[in-house]
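Once you've had a glance at the structure underneath, I'll fire off some questions.
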Amino acid sequence: MLPIINRGTWSRVFAITSTVDKVVNSLKINIENKDQRQLQIINLGAGLDTLYFNLKDKYEDQVNLKFIELDYEQIVQKKVSYYIYIYIISH
C-alpha cells in the first residue's frame, strides 16, 4: 500500500513550516505592531501542494503574509481549475 504523502513532500512541507514558525516568532518578538510584521514567501515548483492555505490559516492574525507560487503553466492552470471547482461546489 502506498503512503498518503511521500517522504520528500512531507520533509519539504515540514522544513518550510518550521522555518516560517521561527521567522514569525522572531517578528512577534522584535515588532510589536502586527501591521508592521511583513513576511514574503516565494514557493518555487509549488506543484499542487496546499502550503499557502495552511500558512495563511495559521499566521493570518500574526503577520502580513505575501505568498507567491511559481510553477509550470500547465500545473498552475490545473491548480487554478481545481480551486475554482472547489469554490463553486462549496458555495
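Throughout, read-outs are computed from the coordinates displayed, never taken from laboratory work. Because the structure is a prediction, the values reported are computed rather than measured. Quick reminder, even Gly has a Cβ in these numbers, built from the backbone with ideal geometry, and neighbours come from all protein chains shown.
Filter the stretch 3-17 for residues that are out of contact with any helix residue (DSSP H, G or I) (no Cβ under 8 Å at 6 or more places or on another chain), assigned to a helix (DSSP H, G or I) and surrounded by 10 or more Cβ atoms within 10 Å (Cβ to Cβ) and give the result.
Scanning the stretch 3-17 gives THR9, TRP10, SER11, ARG12, PHE14, ALA15.
Checking the structure you have, find out if any residue of the stretch 28-39 is at negative phi, β-branched (Val, Ile, Thr) and touching a residue at least 40 places away in the same chain (Cβ under 8 Å). First the steps, then the outcome.
Filtering the stretch 28-39 down to residues at negative phi leaves 28-39.
Cutting the leftovers down to β-branched (Val, Ile, Thr) gives us 29, 31.
Now restrict to residues that are touching a residue at least 40 places away in the same chain (Cβ under 8 Å): none.
No - not one qualifying residue is present in the stretch 28-39.
Report, by residue number, each residue of the stretch 57-86 that is touching a helix residue (DSSP H, G or I) at 6+ places or on another chain (Cβ under 7 Å) and in a helix (DSSP H, G or I).
If the condition is that a residue be touching a helix residue (DSSP H, G or I) at 6+ places or on another chain (Cβ under 7 Å) and in a helix (DSSP H, G or I), then TYR59 is the only one that fits.
Hey, another quick one. Where residues in the stretch 34-56 are under 12 Å from the mean Cα position of the chain (by Cα) and in a helix (DSSP H, G or I), which of them is nearest to LYS22 (Cα to Cα)?
Here the answer is LEU55.
Something else: Residue under question is LEU27, and the condition is that it be among the hydrophobic types (A, V, I, L, M, F, W, C) and either farther than 22 Å from ASN6 by Cα or touching a Pro at 6+ places or on another chain (Cβ under 8 Å) (or both); does it hold?
yes
A further question follows. For the stretch 35-56, which positions are loosely packed, with under 14 Cβ neighbours inside 10 Å and of a type in the set (A, V, I, L, M, F, W, C)?
ILE42, LEU44, LEU48, PHE53
While we're on this one: Could you look through the stretch 57-88, keep only residues that are farther than 25 Å from VAL23 by Cβ and β-branched (Val, Ile, Thr), and pick out the one that is surrounded by the fewest Cβ atoms within 10 Å (Cβ to Cβ)?
Selected residue: ILE88.
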